[in-house]
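In what follows, a single structure is set out as structure tokens and then discussed.
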């Protein structure tokens, strides 16, 4: 082969090798890496916590005492007119009135001559009436009990003070001889200390000789 051709062949071979892409190999390398990672660990922590402890304690509490009721004289006369009113907006005309004549007997028990008139107000205006003379415990209890002869009905009278009378009705209105929905329960306040004429509150009053003017004032 002429030398010129040899040189040409060598140049072609060199050119082909210089343009050829290198053979790249990917090698996977396994290695250990230390990385800082936040870890939520379960730990036991001691914490001071305020604790409410249930305990029994003696506490001095100022109490307002009704000295008037505490100082009721054994000689006090509870005669008078006592009144309690109901909700006048809801039941116009509803209320009860009690007339009491305190009879001092000097025996172990005094007596109360009383009459009671109640009205349940609008719209029915039913009436309840009772009258009797009952024994009165004029000691520390200041109580008296009326028992109706109409049925299982009792009215308990208890003087809380010289001006306050508490009445509790035990039994239904019918058993007390009252109209429907008529109850005598309530806290009655003293309106007049004059001895009232018993009979003036009777809705069927026939005795015209009774002095009932004080009840109409």
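Just so it is clear, none of the values below were taken in a lab; they were calculated from the coordinates. In this text, all values refer to a predicted model and were calculated from it rather than measured experimentally. Cβ: placed from backbone, ideal geometry, glycine included. Neighbour counts: every protein chain shown.
Taking label points 7 Å from Cα along the Cα-to-Cβ direction, residue 89 and residue 76 give a separation of 3.4 nm. Here r is the Cβ-Cβ distance between residue 125 and residue 154 and R0 is 25 Å; the resulting FRET efficiency, rounded to 0.05, is 0.50.
A simple packing score, the average count of other Cβ atoms within 10 Å per residue, orders the peptides 139-147, 117-125, 96-104 as 96-104, 117-125, 139-147, with the highest score first. Distance distribution P(r), segment 67-197, all Cα-Cα pairs, bin width 5 angstrom from 0: 2, 11, 20, 24, 19, 13, 7, 3, 1, 0 percent. Looking at the square roots a ≥ b ≥ c of the eigenvalues of the Cα gyration tensor of segment 124-216, which shape do they give, rounded for a/c under 1.5, prolate if a/b is larger than b/c, or oblate? Oblate, because a/c is 1.5 or more while a/b does not exceed b/c.
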